[in-house]
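The structure appears below as structure tokens.
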Amino acid sequence: MSRFVEVDITRETKPVSQKGFGTILMLATNKELPYTVYRELTDVAKDFPATTREYKLANRLFGQSPKVSEIACVGISYISGTDDVVALVSTLNNTVVTNNDWFYLTCVENGDIEIKALAEWMSSQEKIYGVTTPNVALVQELKGMYENTYFSVHDDLEAFHAEGLLAYGAPQEIGSYDFAHKQINGVGAARLSNAEINAVKEANATTAVNEMGLIVNLTGKGCGGDYIDVIQADYFLRARLREDVFQHLATVKKTPYTDPGIAQIVAVADTRFKSAYSQGIIADDENEEPDYYIEFPRRKDIPKNDRANRILRGIKFRAVIAGAVENVEISGVLTV
């Protein structure tokens, strides 16, 4: 967040560094562990033996293609059903104070109580939580509640399917991919009935299905109903616009409160939107140009009180998200 620049985006679909947007945090519960960065699975093994869920989750994260360059980990000694789940939230609260440069949250705990607590905490963060649960009823209960939680339902308690999906996306540029139909290394098809699979999809969750001989991800929707790649784009643009505008304010000698000065700020935002277009976040218009526009006030139209307090308001934009094709319908007629 920034004290000087506020960016508010409303999605009409239903401060992390560039490096941080590709970083996954693993919340471990096997033992206390300060914030640690691992670059290989062999590094994880030094803290967590191969029999632990931490090692198995890290194996899923490092095992995708493209491969993440690193994962972060913080640990707490926690026993589900015995210890208060608030301890997990407290650990995260303490972590973001000193180490907040990560974007995706995973955790070795996937019980209902832990999932609810972590999803609730994450709802106040501009980050994404991926979790795999065996409980179809849980995703039905939480449908629509947490926009930035990505649920997968799988009967294998160590499938870590949603977590693997985050690891698939983390090394890639936001806007260049989506999550539907992706194959996650090491994850087999969930043993769910067709009725259960339909219930999972209706609840804005996903699972691993066997489709034409391939084990693929069912859908890219988050719990709230928006697609995870749209939420990524939202958070990415918020962070980049804050950084870009603040960088301008902090490096020029002065941004005058004049029409040319206002134009300087608009130009900074315009550059970011052009970059977002090149990444695949923003769509083309009918002229094959980036489909966005920026509105901004003239100095004479800004209230004197705002000018006196040196607050520039009224810069607004509208951008069309490119999205992705997830389902296809084809119709035709055969004749003789």
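Observations
- Test for Ala180: is it closer than 26 Å to Val320 by Cα, under 24 Å from the mean Cα position of the chain (by Cα), surrounded by 17 or more Cβ atoms within 10 Å (Cβ to Cβ) and of a type in the set (A, V, I, L, M, F, W, C): yes
- Checking Thr106, Thr95 one by one, the residue that is touching a Leu at 6+ places or on another chain (Cβ under 7 Å) and not in a loop (DSSP other than H, G, I, E, B) is Thr106 and no other.
- Check on Lys127, of a type in the set (D, E, K, R) and under 14 Å from the mean Cα position of the chain (by Cα): yes
- Any hit, segment 30-39, residues being within 19 Å of Tyr129 (Cβ to Cβ), surrounded by 13 or more Cβ atoms within 10 Å (Cβ to Cβ) and not polar (S, T, N, Q): yes
- Segment 310-325, residues that are under 18 Å from Phe236 (Cα atoms) and either among the charged types (D, E, K, R) or surrounded by fewer than 14 Cβ atoms within 10 Å (Cβ to Cβ) (or both): Lys316, Arg318
- The lone exception for Val328 - which of (1) surrounded by 11 or more Cβ atoms within 10 Å (Cβ to Cβ); (2) modelled with pLDDT under 95 it fails: (1)
- Residues being farther than 18 Å from Arg53 by Cα and either aliphatic (A, V, I, L, M) or not assigned by TED's automatic domain parsing to the domain that holds Met145 (or both) - total across segment 86-112: 6
- Identity of the residue in segment 2-29, under 16 Å from Tyr129 (Cα atoms) and of a type in the set (Gly, Ala, Ser), that ends up modelled with the highest pLDDT: Ala28
- All of Ala203, Ala180 fail the test of being among the aliphatic types (A, V, I, L, M) and at pLDDT 95 or above, apart from Ala203.
- When Ser90, Ser77 are checked against the criterion of being modelled with pLDDT of 95 or more, surrounded by fewer than 19 Cβ atoms within 10 Å (Cβ to Cβ), of a type outside the set (A, V, I, L, M) and assigned to a helix (DSSP H, G or I), a single residue qualifies: Ser90.
- Residue ID - surrounded by the most Cβ atoms within 10 Å (Cβ to Cβ), chosen from residues in segment 139-172 that are under 16 Å from Asn110 (Cα atoms) and among the small types (Gly, Ala, Ser): Ala162
- Ala170 falls short on exactly one of the conditions (1) out of contact with any helix residue (DSSP H, G or I) (no Cβ under 6 Å at 6 or more places or on another chain); (2) under 24 Å from Lys67 (Cα atoms); (3) not charged (D, E, K, R), and that condition is (1).
The values are calculated or read from the model by the stated rules, or taken from the named source; none is laboratory data. Nothing here was measured: the structure is a model prediction, and the numbers come from that model. Quick reminder, even Gly has a Cβ in these numbers, built from the backbone with ideal geometry, and neighbours come from all protein chains shown.
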